[in-house]
Amino acid sequence: MRRLPAVAALSATLASVLVLAGCGTTEHSTDSSDSAGSPSAASAGGSATPAGPVTLTDASGATVHLDHPATRVVGTEWDVVEDLVALGVAPVGVADVKGYTDWDKAAPLTGSPKDIGTRGEPSTDAIAALTPDLVVATTDLSPSVLKQLRKVATVLVVKPADAADQIGTMTDDLDLIARATGTTTKATAVKAAFQDKLATGRKKLQDAGLAGKKIAFADSYVVSNQVSVRAYTSGSLIGAVNEQLGLQNAWTVKGDKSYGLATTDVEGLTGLGDVSFAYIQNSSDGDPFTANLGKNAVWKSLAFVKAGHVHRLPDGVWMFGGPGSMEAYIDGLVDALTK
């Protein structure tokens, strides 16, 4: 698999095989509710007024001050880009535009954002040329890269993943970006839509008699002609969503502390039993589960393979994205399991 999160904190095993991926403007009015009715600085990490100064404390512990809610915004990672789009803020700069377009269909880009380079190494020159009000980055970027970014623009850093609370981290990031851009009312609507989607999906699975069903979600990639399977444990965002849907995560391997991911091989699938096995592979990257494992004796012997309980979900769902991506995932999974 080519395009994965630009993760600096994955385990050494994962780090050895994962590969980093890799002009429009936004003119939106700030929400009239983003003043007296907005959360207090103590509860939300900052303060904001509809058109006045914004002061926030970001995930790096830095105090971020804006003279007004940001409208010209750059995103260095796809999850923050998705959040910006969901909030109605068309980013002027995006890391790996083609990769985002391929992987995140839930929040299509608007306008013509400038490609600022890779997610792991965004170009400070390209960013500076855009004269942004704000660059939204993540803690996955190295301190040295963040230092360089801060030399050319105001930077807001969010924490993209935490295996202890992936859904809470996802919505906290959305809220922080919303406060920086004066779009907290829109953020409330986005979060409500996500909760509604969870409730609807959970009800459909219950009605189909699938409450408590064991599921193993994965993706895969090929290194030196060997298929590696990436397990999304209960500490992953996908795993957290599955559990909110009333499903049980079948993986017993331990995931990393940030993204809840682990790596195994086809032999490592033998202990899963008769589960539902779901996966996403971008079409441009091929499908190792069919192309490489289709004739593998171990794969063919697996209970869920023999039972026909293998489900390839639709392309274009970013497994590390925001509420929009998770809504698209829920739609694809529920449809596959209830057919």
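Annotations
- Qualifying residue in segment 299-313 (condition: aromatic (Phe, Trp, Tyr), more than 15 Å from Phe217 (Cβ to Cβ) and not in a loop (DSSP other than H, G, I, E, B)): yes
- Filter result (charged (D, E, K, R) and not in a loop (DSSP other than H, G, I, E, B)) within segment 314-332: Glu327, Asp331
- Counted residues, segment 250-273 - those being surrounded by 14 or more Cβ atoms within 10 Å (Cβ to Cβ) and under 11 Å from Lys214 (Cβ atoms): 3
- Every listed requirement among (1) on the phi > 0 side of the Ramachandran plot; (2) at pLDDT below 95 is met by Val222 save one, (1).
- Considering Ala129, Ala95, Ala86, Ala107, the condition of being over 24 Å from Ile280 (Cβ atoms) and in the same structural domain as Asp162 (by TED's automatic domain parsing) is satisfied by Ala129 alone.
- The number of residues in segment 158-199 being among the hydrophobic types (A, V, I, L, M, F, W, C), under 23 Å from Thr139 (Cα atoms) and in a helix (DSSP H, G or I) comes to 8.
- Listed by first and then second residue, the pairs linking a residue in segment 309-323 that is surrounded by fewer than 23 Cβ atoms within 10 Å (Cβ to Cβ) to a residue that is basic (Lys, Arg), with Cβ atoms under 8 Å apart and 6 or more places separating them unless they lie on different chains, are Asp315/Lys105; Gly316/Lys105.
The values are calculated or read from the model by the stated rules, or taken from the named source; none is laboratory data. This is a predicted model, so every value here is computed, not measured. We place every Cβ from the backbone using ideal geometry, glycine too, and count neighbours over all the protein chains shown.
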